[in-house]
Amino acid sequence: MNPELLGPDGVFRCAWGNTAPDYVAYHDEEWGVPLRGEAALFERLSLEVFQSGLSWLTILRKRDDFRRAFAGFDPERVAAFDTNDVALLLADASIVRNRAKILATITNARAVAELDVPLDDLLWSFAPEPGVRRRPRTMADVPATTPESKALATALKKRGFVFVGPTTCYAMMQATGMVDDHVQGCFRAGDRVG
């Protein structure tokens, strides 16, 4: 086993999962677990938008505040946000107060409302077939983008989504289990590779 994967609790996991207690729980219980549901997927996509340029740990630690501020990431409710709601969000120190990302989240909620297919079906249609990719040996082997994430970003942009480039889309695909990038030697690395 790769010693850099060994956590202080004696568990072998992706090295990033050992860098903070919040990461241990996120890595072990959520990251790479297949996720369904409109609000759940909208939340993950929105949080990845907010993460752009920041540490994921910052976003993870503010997740409950984001959920409160964005109505549980119910796309219908977020789509109805107006300028007063934007002002309240910009004044809310418990979340990331970035106007462009706040407006992007509202825009993306409105795009969800306009979809001709369920958000689940749209997003998951870009997941690669399980077993097509090899499991990464190290985190250095994990790509930042893939042909699938590029195609997903293009499809979302055509449907009115914003702040959804290929890197953001790939991070969301990893987080929601559309791909499984747990490295070789990680206890979460199962047979499924996507």
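What to note about this one:
- Flag for Phe12 being of a type outside the set (A, V, I, L, M), over 26 Å from Glu129 (Cβ atoms), surrounded by 19 or more Cβ atoms within 10 Å (Cβ to Cβ) and in contact with a strand residue (DSSP E or B) (Cβ under 9 Å, 6 or more places away or on another chain): yes
- Selection count where residues are under 14 Å from Leu60 (Cα atoms) and either β-branched (Val, Ile, Thr) or surrounded by fewer than 16 Cβ atoms within 10 Å (Cβ to Cβ) (or both), scope the stretch 21-46: 6
- For the stretch 94-117, the criterion of a residue being polar (S, T, N, Q), closer than 17 Å to Thr176 by Cβ and surrounded by fewer than 19 Cβ atoms within 10 Å (Cβ to Cβ) is satisfied by no position.
- Of the numbered criteria (1) in a helix (DSSP H, G or I); (2) surrounded by 13 or more Cβ atoms within 10 Å (Cβ to Cβ), the one Thr58 fails is (2).
- Qualifying residue in the stretch 29-39 (condition: among the aromatic types (Phe, Trp, Tyr) and under 13 Å from the mean Cα position of the chain (by Cα)): yes
- Where helices (runs of 4 or more DSSP H) fall entirely within the stretch 70-141, those with at least 3 residues that are within 18 Å of Ala175 (Cβ to Cβ) are at 99-114, 119-124.
- Exclusive hit being more than 22 Å from Ala189 (Cα to Cα), of a type in the set (D, E, K, R), in contact (Cβ under 8 Å) with a residue 12 or more places away in the chain and part of a helix (DSSP H, G or I), set Lys150, Lys157: Lys150
- Residue match in the stretch 132-141 (condition: over 22 Å from Asp28 (Cα atoms), surrounded by fewer than 16 Cβ atoms within 10 Å (Cβ to Cβ) and not aliphatic (A, V, I, L, M)): no
- Residue match in the stretch 176-183 (condition: in a loop (DSSP other than H, G, I, E, B), of a type in the set (Gly, Ala, Ser), buried (at least 17 other Cβ atoms within 10 Å of the Cβ) and more than 15 Å from the chain's Cα centre (by Cα)): no
- Checking Thr176, Thr138, Thr107, Thr154 one by one, the residue that is hydroxyl-bearing (Ser, Thr, Tyr), modelled with pLDDT under 95 and out of contact with any strand residue (DSSP E or B) (no Cβ under 8 Å at 6 or more places or on another chain) is Thr138 and no other.
- Scanning the stretch 13-36 for residues that are out of contact with any helix residue (DSSP H, G or I) (no Cβ under 7 Å at 6 or more places or on another chain) and not in a helix (DSSP H, G or I) gives Thr19, Glu30, Val33, Pro34.
- Count of the stretch 111-151 residues, restricted to those that are within 21 Å of Ala40 (Cα to Cα), within 19 Å of the chain's Cα centre (by Cα) and charged (D, E, K, R), is 3.
The values are calculated or read from the model by the stated rules, or taken from the named source; none is laboratory data. What you are looking at is a predicted structure, and each value in this text was computed from that prediction instead of being measured. We place every Cβ from the backbone using ideal geometry, glycine too, and count neighbours over all the protein chains shown.
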